[in-house]
Amino acid sequence: MLEEYRKKRDFKETPEPAPGNSKKDLDKPIFVIQKHDASTLHYDFRLEIGGVLKSWAVPKEPPAKAGIKRLAIQTEDHPLEYADFEGEIPEGHYGAGKVEIWDRGTFELKKFEEKELICALEGEKLQGDYVMIKTKFGKEGKGWLLFKKKAE
């Protein structure tokens, strides 16, 4: 399940966590958004689904208000242990640069289909219903559109 994540990293040389047997104390699934100052500054949006962190790279800050749409490119799944990761990935390694937690919390998955995902975030910065729609953009069909749903 995490083969692609493992292939891209040398855990003897990077501080990133190796997949393990993480246990969590929360009843709800977690989400984390990590500000990642790599070759370009972006935000890694991660949702706990199916025992892993499903992950998307968002080139601009995720929207706190409805009406703002962001591109999100799906990346490889990450282990749950990555939700607590902050640090510096060394030069010469995949994702080299500074990683810091920008927001975190729990969420309720309201819909998860091949081309649409809806979740209610309960974070420190982001709260409310967020929608992701799969698009034709991005290489290999990994492009999604991320936006906050208007309050009903």
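The values are calculated or read from the model by the stated rules, or taken from the named source; none is laboratory data. It should be emphasised that the depicted structure is a prediction, and the values quoted were computed from it without experimental measurement. Here the Cβ is made from the backbone with ideal geometry for all residues, glycine too, and neighbour counts use every protein chain on show. The accessibility values were calculated without ligands, DNA or RNA, using every heavy atom of the protein model including side chains. Shrake-Rupley method; radii C 1.70, N 1.55, O 1.52, S 1.80 Å.
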accessible surface per residue for the stretch 93-152, probe 1.4 Å, DNA/RNA/ligands not counted, whole Å² -> 60
What does the accessible area of Phe112 come to, in Å² to the nearest 10, when a probe of 1.4 Å is used?
100
For the chain, the Rg and Dmax computed from alpha carbons only, in angstrom
14.9, 49
So which aspartates and glutamates pass the test for Lys148, namely a Cα distance under 20 Å, with those fewer than 8 places away in the same chain ruled out?
Asp44, Glu48, Glu61, Asp103, Glu108, Glu113, Glu114, Glu116, Glu122, Glu124, Asp129
Given Cβ point charges of +1 (Lys, Arg) and -1 (Asp, Glu) and nothing else, what value in debye, to the nearest 20, does the dipole of the chain about its Cα centre take?
740
Cβ-defined net charge surrounding Asp37, 10 Å radius [Lys, Arg +1; Asp, Glu -1]:
0
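Sorted by accessible area with a 1.4 angstrom probe, largest first, how do His78, His93 fall?
Values: His78 5, His93 45 Å².
Solvent-accessible surface, decreasing: His93, His78.
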Order of exposure, largest accessible area first, which applies to Arg70, Arg104, Arg46 with probe 1.4 Å:
Arg104, Arg70, Arg46
Take the solvent-accessible surface of the protein heavy atoms, probe 1.4 Å, and return the percent of it on the chain that carbon and sulfur atoms account for.
49
From the cross-link list Lys69/Lys98; Lys28/Lys134; Lys60/Lys115; Lys12/Lys149, the entries with a Cα-Cα span beyond 30 Å are Lys12/Lys149
Quick check: from the Cα gyration tensor, does the stretch 95-147 come out rounded (a/c under 1.5), prolate or oblate?
oblate
Can you run phi through the Karplus equation (6.51, -1.76, 1.60; θ = phi - 60°) for the stretch 101-108 and list ³J(HN,Hα) in whole Hz, with x for Gly and Pro?
6, 9, 7, 7, x, 10, 8, 10
